[in-house]
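Okay, so here's the structure we're looking at.
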Amino acid sequence: MSGAETVIEVRDLRMQFGRHVVHDGLDLDVRRGEILGVVGGSGTGKSVLLRAIAGLERPAAGRITLLGTDVLAGDEAAREALSHRIGVMFQDGALFSSLTVVENVEVPLRSVAGLSAETRHGLARFRIALSGLPWNAGDKYPAELSGGMRKRAGLARALAHDPEIVFLDEPTAGLDPIGAAAFDALIRDLSHSLGLTVFLVTHDLDTLYAACDRVAVLAEKRVLAAGTLDDMLEVDHPWVQEYFRGPRARAARKEDAPRTGMR
Amino acid sequence: MSKAQAAGRIETGAGEQSLSLSGEVGLADLPEIESRLSGWHARAPAEIDLSGAGRIDTSVAWALLSTADRMEDGGGQLAIVGANDSVARILETVRQAMPVPATEAPGRRGFAAWLERVGREVVDTAQAAAAFTGVLGLFVARLARCVIRPRELRLTALVHHCQDAGVRAVPIVALMAFLIGIVLAFQGAAQLRPFGAEVFVVELISISILRELGILLTAIIVAGRTASSYTAAIGSMKMRQEIDAMRTLGIDPGQALIVPRILALVLMLPILGLVANLAGLFGGGLMAWLELGISPAMFVTRLAEGTDVSNLTVGMIKAPVFAVLIGVIGCEAGLRVGDTAESLGRMTSAAVVAAIFAVIVADALFSIFFEQVGM
Ligand SMILES: Nc1ncnc2c1ncn2[C@@H]1O[C@H](COP(=O)(O)OP(=O)(O)OP(=O)(O)O)[C@@H](O)[C@H]1O
Ligand SMILES: [Mg+2]
């Protein structure tokens with residue numbers, strides 16, 4: 001996988017809100033087809049980094065290249081074209097509250113020229129099923145769904161137009177363990193069979209062990225370490241040590257060991 | 001490699017119903033594929049050849065498999081052949097996720113549906129009325145508790161709401177009443193002059209402002225300003241489950257949110273009404289002086305002689321009632337907000353309409369009442 005093309009390249013990124021500096025001199029590379037897990041303590045700027053790469057937040061300095069396009073330099077049209085090639089699932093779903101779930105998922109499909117309404121509807125139904133929601137959830141409004149169901153609907157919408165990269169912000173937070181495991185499996189499946197690149201922000205160690213190919217640790221305003229999970233055990237930093245050697249990490253690692261061996 | 005250039009090739013194969021896909025086939029090719037597949041029927045054999053396809057995405061896989069399903073339902077068959085490993089894996093992933101439509105009970109139609117709708121409307125209205133009474137009762141009960149144990153009264157909140165709903169409303173209320181006074185004097189003078197009865201313009205102004213317009217228009221302005229802000233404030237707390245959080249922390253929402261708000265209105269609306277009365281009389285007097293030459297001294301004299309104090313009493317009696325109506329409607333609408341921002345907006349505007357309507361209806365009832373008791 002090391003020969004694969006780099007689809008996200010962040011160089012020397014500096015993000016700040018007023019005088020509060022969130023990132024400073026942050027570098028990150030994501031390769032095509034991999035699932036990158038982004039971890040870090042609460043408030044270390046994982047969501048902010050995701051928003052910056054997806055073009056939703058403007059950095060104070062630095063360069064972000066996404067699928068070969070400079071996110072910051074490109075004009076409106078280039079950014080618009082880019083938005084059809086990525087999908088974002090927000091931390092709390094961010095579904096349009098005035099649309100049903102099916103209509104929400106249809107939104108990104110509306111930009112495909114020549115797609116009939118019937119096909120669009122059928123495809124949206126399929127996305128909803130793919131993300132693990134029952135049929136009748138499609139006709140409901142977001143307010144009528146549980147938190148976990150909203151997450152799945154958010155994933156269905158993020159994947160609706162078969163993007164090349166998806167950004168997922170804590171997709172398994174608030175899901176039951178069985179649901180979370182199914183979610184992990186789904187993401188791994190899609191990534192491996194479609195070559196989908198996944199930028200996955202998570203606190204969930206099980207997800208990290210079950211789904212991610214590589215991990216990037218955010219701390220001290222930058223990417224402190226990036227590499228495979230085994231690499232993380234070698235990193236000499238107290239937070240990283242505690243995170244990956246803590247009791248929860250040990251449990252997740254043990255549980256996942258046979259599966260990792262099979263891959 | 002990008003999506004825009006990913007268009008694969010779609011060619012008709014050897015047979016009547018056969019298609020061959022090659023290259024990287026994706027969502028952008030779907031309209032084309034759909035239009036080719038739409039005419040296919042189950043009677044003849046059909047085949048899709050994927051041997052040239054390096055990659056397909058899930059949209060295409062879904063389209064192929066749903067066509068296959070459709071043909072199987074019709075008793076035919078669609079063979080999908082030549083898929084390489086990665087394409088086969090996608091087809092398999094998609095096959096497992098194909099949605100199964102749920103069979104739902106059909107909804108009612110025609111007369112039954114209409115009847116159901118009417119029934120629901122009636123029940124909703126009755127429930128809204130019950131909820132109004134509920135909040136009113138809650139307010140009275142908590143107020144009584146505050147009388148027994150004054151320490152439970154949230155004094156800071158009360159003062160804050162008095163400032164917000166009362167003091168801040170003084171400029172707009174005074175300006176409005178001043179202008180109304182001017183209009184009354186001007187119109188009254190024009191009507192009374194032909195009869196040489198200009199001096200009665202003082203009674204016209206004073207009685208209509210003290211008895212009706214001062215307090216009614218003040219209440220309407222306060223309904224627009226304060227009912228909406230009460231609904232928005234309580235509603236947004238309800239939306240974010242803050243009210244539930246209060247309950248679990250042992251704070252009584254009635255005591256903390258409702259009593260200070262409604263009580264502030266009950267205290268401030270009469271004062272605002274007085275301000276409006278003064279401003280209205282001032283505006284009317286000014287216009288009478290400029291337009292009819294009735295000097296301020298004469299205006300005051302006629303005012304004292306010709307206008308019974310009962311007019312002021314009648315106006316002021318209404319004030320606390322209007323205040324309770326506005327406050328209860330505003331708070332109750334806030335408590336009915338659901339968990340979406342939309343319902344917050346809907347309830348806010350509904351609260352304003354309901355509060356203004358209630359004030360006008362109550363004013364009409366008061367007119368009848370005072371007429372009957374002869375005030
Ligand atoms: N719009 C904003 N204005 C000001 N500060 C912000 C804004 N958005 C984020 N921040 C700050 O940036 C920092 C990083 O926030 P971010 O939401 O990225 O954290 P996170 O790593 O995603 O945390 P969590 O794991 O809790 O989701 C925080 O200190 C936050 O206060
Ligand atoms: Mg976050």
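Among the residues of the range A:214-244, those identified as open to solvent by 40 Å² or more (accessible area, probe 1.4 Å) and in a loop (DSSP other than H, G, I, E, B) are A:Glu220, A:Lys221, A:Thr228, A:Asp236. Inclusion of A:Arg19 among residues that are modelled with pLDDT under 90, away from ligand 2 (no atom under 15 Å from the Cβ) and exposed (fewer than 15 other Cβ atoms within 10 Å of the Cβ) is warranted.
Kindly provide the set of residues from the range A:43-55 that are within 14 Å of ligand 2 (Cβ to nearest atom) and either over 14 Å from A:Val201 (Cβ atoms) or touching a residue at least 60 places away in the same chain (Cβ under 8 Å) (or both), ordered by number. Of everything in the range A:43-55, those that are within 14 Å of ligand 2 (Cβ to nearest atom) and either over 14 Å from A:Val201 (Cβ atoms) or touching a residue at least 60 places away in the same chain (Cβ under 8 Å) (or both) turn out to be A:Thr44, A:Gly45, A:Lys46, A:Ser47, A:Leu49, A:Leu50, A:Ile53, A:Ala54. Could you tell me whether A:Gly132 is farther than 27 Å from B:Met239 by Cα, touching a residue at least 40 places away in the same chain (Cβ under 8 Å), within 11 Å of another protein chain (Cβ to nearest Cβ) and of a type outside the set (Ser, Thr, Tyr)? Yes; evaluated as a whole, the condition is true for this residue.
Output the number of residues of the range A:120-160 satisfying the condition of being in a loop (DSSP other than H, G, I, E, B) and open to solvent by 20 Å² or more (accessible area, probe 1.4 Å).
So the answer is 5.
For A:Ile35, the criteria (1) more than 26 Å from A:Phe244 (Cβ to Cβ); (2) buried (at least 17 other Cβ atoms within 10 Å of the Cβ); (3) away from ligand 1 (no atom under 16 Å from the Cβ) hold in every case but one, which is (1). Figure legend. Inter-residue proximity from the range B:235-250: first residues more than 21 Å from B:Ala341 (Cα to Cα), second residues in a helix (DSSP H, G or I), beta-carbon distance below 9 Å, spacing 6+ or different chains. Indicated pairs: B:Arg247/B:Pro253. Could you list, in sequence order, the residues of the range B:93-117 that are facing chain A (nearest Cβ under 9 Å) and open to solvent by less than 80 Å² (accessible area, probe 1.4 Å)? Selection gives B:Thr93, B:Val94, B:Ala97, B:Met98, B:Pro99, B:Ala102.
I need the full set of residues from the range B:91-120 which are at pLDDT 85 or above, over 31 Å from the mean Cα position of the chain (by Cα) and aliphatic (A, V, I, L, M), in order please.
B:Leu91, B:Val94
Residues that are within 14 Å of the chain's Cα centre (by Cα) and closer than 20 Å to A:Ile86 by Cα: does the range A:13-29 have at least one? Taking every residue of the range A:13-29 in turn, none turns out to be within 14 Å of the chain's Cα centre (by Cα) and closer than 20 Å to A:Ile86 by Cα.
In the range B:75-96, the residues that are closer than 15 Å to B:Asp57 by Cβ and part of a helix (DSSP H, G or I) form Cβ pairs under 6 Å with partners that are open to solvent by less than 30 Å² (accessible area, probe 1.4 Å) and among the polar types (S, T, N, Q), at six or more places apart or across chains, as follows: B:Arg89/A:Ser193; B:Ile90/A:Ser193; B:Thr93/A:Ser193; B:Val94/B:Thr58.
Please tell me if A:Thr44 is polar (S, T, N, Q), within 16 Å of ligand 1 (Cβ to nearest atom) and in contact with a Lys or Arg (Cβ under 9 Å, 6 or more places away or on another chain).
yes
The values are calculated or read from the model by the stated rules, or taken from the named source; none is laboratory data. This structure is a prediction, so every number in the text was calculated from the model and none was measured. Every residue, glycine among them, receives a Cβ derived from its backbone with ideal geometry; neighbour counts consider all protein chains shown. Calculation scope for accessible area: heavy atoms of the full protein, side chains included, ligands and nucleic acids excluded. Shrake-Rupley method; radii C 1.70, N 1.55, O 1.52, S 1.80 Å.
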